[in-house]
Amino acid sequence: MTTEIIMHLSSGGGPAECRWVLARLVRAFVREAQGCNALCEPLEPIGDDPASLLLRVSGSGAESFAQDRTGTILWTGQSPFRPTHKRKNWFVGVSRVGMAEEAGDLRDTDIDYQAMRASGPGGQHVNKTDSAVRATHRPTGLVAVSQEQRSQHANRKVARLKLALLLAERAEAAEGEARRAAWDRNQSLERGNAVRTYAGSDFRLKRQ
């Protein structure tokens, strides 16, 4: 049976630099998986430095690959946006999520699924059939779209997972001021012990 793990990368509500690091960390993970008997694929377009992103890791080495990368990831380097900024440490959080477990109290009866045609540059698996899926959570109006998967069924599962993550973030923000929640999330990343550290514009891995 093929192991498949879903990983969630988050900038933790950090500044633009953390989102920049996240996008490059995705590419680093994809590259590193090739030497770990694993396949690492973004479940959504990387786009312009997203605040968070889902990855699918599969293959015989998937478990070890995910385990070694779950936690806080540190990149050390000069800000690509603020050259005179004194801060050199930027953090991204990596966690594992389950297709079923992460859904929590999300009910299918509250979700409207709409098939749509995949569009945009996307990845190599984006096709021209109506395989993309838009999921709308009626009680909140939240919307999630998935178009990177090969089938409508797979896109439906990913869209549902995205909705669950959106609802979780919404619930977290509801517990206090959204700005404070974002700040706390970022601070919790900074206080964590980095499981991996990268450095420089070439995003090279530093030995722990």
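The values are calculated or read from the model by the stated rules, or taken from the named source; none is laboratory data. Computed from a predicted structure; not experimentally measured. Please note: Cβ atoms are built from the backbone with ideal geometry, for glycine as well, and neighbour counts cover all protein chains shown.
Annotations for the structure displayed:
- Condition check for Val195: among the hydrophobic types (A, V, I, L, M, F, W, C), over 24 Å from Arg27 (Cα atoms), part of a strand (DSSP E or B) and modelled with pLDDT of 65 or more: no
- Among residues of region 152-183 being more than 20 Å from Pro42 (Cβ to Cβ) and surrounded by 18 or more Cβ atoms within 10 Å (Cβ to Cβ), the one that is modelled with the highest pLDDT is Leu167.
- Among the residues listed as Thr84, Thr140, the single one being in a loop (DSSP other than H, G, I, E, B), touching a Leu at 6+ places or on another chain (Cβ under 8 Å), among the polar types (S, T, N, Q) and modelled with pLDDT of 85 or more: Thr140
- Pairs meeting the criteria (first residue in region 49-64 and at negative phi, second residue of a type outside the set (Gly, Ala, Ser) and surrounded by fewer than 17 Cβ atoms within 10 Å (Cβ to Cβ), beta carbons under 6 Å, at least 6 apart or on different chains) are Ser58/Thr2; Ser58/Glu4; Ser60/Asn37; Gly61/Asn37; Ala62/Thr3; Glu63/Thr3.
- Any hit, region 32-41, residues being crowded, with 18+ Cβ neighbours inside 10 Å, out of contact with any Lys or Arg (no Cβ under 7 Å at 6 or more places or on another chain) and either closer than 23 Å to Asn89 by Cα or without any contact (Cβ under 8 Å) to a residue 12 or more places away in the chain (or both): no
- Looking only at region 54-69, and only at residues there that are in contact with a Lys or Arg (Cβ under 8 Å, 6 or more places away or on another chain) and crowded, with 17+ Cβ neighbours inside 10 Å, the one that is nearest to Glu41 (Cα to Cα): Leu54
- Just one of the listed residues (Ala28, Ala103) is buried (at least 16 other Cβ atoms within 10 Å of the Cβ) and at pLDDT below 95, and it is Ala103.
- Test: residue in region 5-24 that is buried (at least 22 other Cβ atoms within 10 Å of the Cβ), touching a Pro at 6+ places or on another chain (Cβ under 9 Å) and in a loop (DSSP other than H, G, I, E, B): yes
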